[in-house]
1. Report yes if some residue within the range B:161-168 is touching a residue at least 40 places away in the same chain (Cβ under 8 Å), among the β-branched types (Val, Ile, Thr) and over 20 Å from B:MET235 (Cα atoms); otherwise report no.
2. For the range B:1-19, which positions are surrounded by 15 or more Cβ atoms within 10 Å (Cβ to Cβ) and not hydrophobic (A, V, I, L, M, F, W, C)?
3. I'd like the residue in the range B:345-368 that is in contact with a His (Cβ under 7 Å, 6 or more places away or on another chain) and outside any loop (DSSP other than H, G, I, E, B) and, out of all such residues, is farthest from B:VAL32 (Cα to Cα).
4. Considering only residues of the range B:141-167 that are farther than 16 Å from B:TRP204 by Cα and over 15 Å from the mean Cα position of the chain (by Cα), which is surrounded by the fewest Cβ atoms within 10 Å (Cβ to Cβ)?
5. Only one of (1) in contact (Cβ under 8 Å) with a residue 40 or more places away in the chain; (2) buried (at least 16 other Cβ atoms within 10 Å of the Cβ); (3) within 14 Å of chain B (Cβ to nearest Cβ) is not met by A:LEU83, so which one is it?
6. Quick check on the range A:92-109: of everything there that is more than 9 Å from chain B (Cβ to nearest Cβ) and over 19 Å from B:LEU247 (Cβ atoms), which residue is modelled with the highest pLDDT?
7. Residues of the range B:345-369 being under 17 Å from B:MET1 (Cα atoms), touching a residue at least 40 places away in the same chain (Cβ under 8 Å) and either surrounded by fewer than 20 Cβ atoms within 10 Å (Cβ to Cβ) or in contact with a Phe, Trp or Tyr (Cβ under 7 Å, 6 or more places away or on another chain) (or both), which ones?
8. Going by what's in this entry, would B:ARG66 be described as buried (at least 17 other Cβ atoms within 10 Å of the Cβ), farther than 27 Å from B:HIS4 by Cα and out of contact with any Cys (no Cβ under 6 Å at 6 or more places or on another chain)?
Amino acid sequence: DSQRRSGDALRALHAALRSATRLAASPDTKEQAQGTMLKVLMAFKSSEIEQAVNSLDGNGIDLLMKYIYKGFEKPTENSSAILLQWHEKALAVGGLGAIVRVLTARKTV
Amino acid sequence: MAYHSFLLEPISCHAWNKDRTQIALCPNNHEVHIYRKDGARWSKVHELKEHNGQVTGIDWAPESNRLVTCGTDRNAYVWTLKGNVWKPTLVILRINRAARCVKWSPKENKFAVGSGSRLISICYFEQENDWWVCKHIKKPIRSTVLSLDWHPNNVLLAAGSCDFKCRIFSAYIKEVEERPSPTPWGSKMPFGELMFESSSSCGWVHSICFSASGARVAWVSHDSTLCLADANKKMAVASLCTETLPLLAVTFITENSLVAAGHDCYPMLFTYEEGQGSLTFGGKLDVPKQSSQRGLTARERFQNLDKKASSDTSNATLDTVHKNSISQISVLAGGKANCSQFCTTGMDGGMSIWDVKSLESALKDLKIK
């Protein structure tokens, strides 16, 4: 969270994705993680999204896709537009397989 | 490659005879049709009508020339050719849900049927009673068995099921065979013994295949992944998350290379690196025809904008050979060790024969190990 404020959105994204995998299953921590993730994703400028997506590995892309779809479920003021940009870039790298894995995942975010 | 459109409906399943002159397929109904190749044409020579439900699996035993079919009517029939007529023999599977897949064992003295009853029926012929008898493998299968493949030793059977797991069982029947010698998958193989169970998938296992030596087993599942377990590496599982839609069928074409196809309507090559224990995508195997690139007139551009809200020139039709999902792949020539030809059938009612040599020369980056 502090990294986000300090302006290094890319590092914040990696940190958020890393901590997501260590989460306990309780709904509260999941809510909190989703909120943090959304703030991190919104903090990026449109031109930086592609570079951020390219810095992720396969598992990172799958996890990012899960959060993008989770973000779609609860739209706020501006979130859907930004998420759609993330979705387009993540789709270019992860392909339809990444979306299929969001749909079939047993462990949701 | 050669593409032949048999029907407008999906081909549910198919099987080839030994010399690849005849193909038995189910045209999405209760029957099995056998077509024979007459030069460049295919002509229907037999219609097998016995099932009361859709035929979900066909297998043709190459040496004994017998067909086994199974269907949603919870039955399986073994067909023998008497003169010019195929005569069915009913096999009581003792299942209360549809049968989904059937495979002859390599020695053709038994066959396995996977069903929605969450069990596998291993059927063998009992000489004294002149009757096919079946034994069940139940534990620990928790859902429908979608696909089966036999190990070359005639005893081990790999099963992929809807409970997201791939398992290898022993289907040793003491009445018809000798005790098997130890394999990399284990040495004690009583009937029904679970030799291996995978853990990684999140999707239904659509198709499963042993390699030619039997030391490796590969499966594809509905979460768009391809996995391979190597018995020589203590059953380590290598998996690859693909960027495509889920795959529905997979087969080995050499000991290290696999061809898989599915909802994306084209077959693709995958390679297994034994040293690293990793799977990689080797390339798309469909050679699209070079469509003539004509420029769009202003009128067409406006029409596109009006209809589709975009001035994109990409057309809405698939440029792959199959126009709908590919549901089954079978090896035609060369076996799973050195396949030179394989065949795909799909939900577009078409059957396509692919030649590995010409694919290798057509697609320059293709490396088949």
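The values are calculated or read from the model by the stated rules, or taken from the named source; none is laboratory data. Note that this is a predicted model, so its numbers are computed, not measured. Neighbour counts are summed over all protein chains in view; Cβ atoms, including those assigned to glycine, are modelled from backbone coordinates with ideal geometry. Only protein heavy atoms, including side chains, enter the accessible area calculation; ligands, DNA and RNA are left aside. Shrake-Rupley method; radii C 1.70, N 1.55, O 1.52, S 1.80 Å.
1. Checked against the condition, which is being touching a residue at least 40 places away in the same chain (Cβ under 8 Å), among the β-branched types (Val, Ile, Thr) and over 20 Å from B:MET235 (Cα atoms), the range B:161-168 yields no hits at all.
2. B:HIS4, B:PRO10, B:SER12, B:HIS14, B:ASN17
3. B:SER352
4. This residue is B:PRO152.
5. Going through the list (1) in contact (Cβ under 8 Å) with a residue 40 or more places away in the chain; (2) buried (at least 16 other Cβ atoms within 10 Å of the Cβ); (3) within 14 Å of chain B (Cβ to nearest Cβ), A:LEU83 breaks only (3).
6. Per the criteria, the residue is A:ALA92.
7. Result: B:GLY349, B:GLY350, B:MET351, B:SER352, B:ILE353, B:TRP354, B:ASP355, B:SER358, B:ALA362, B:LEU363, B:LEU366.
8. Details: buried (at least 17 other Cβ atoms within 10 Å of the Cβ): yes; farther than 27 Å from B:HIS4 by Cα: no; out of contact with any Cys (no Cβ under 6 Å at 6 or more places or on another chain): yes.
So B:ARG66 fails the test.
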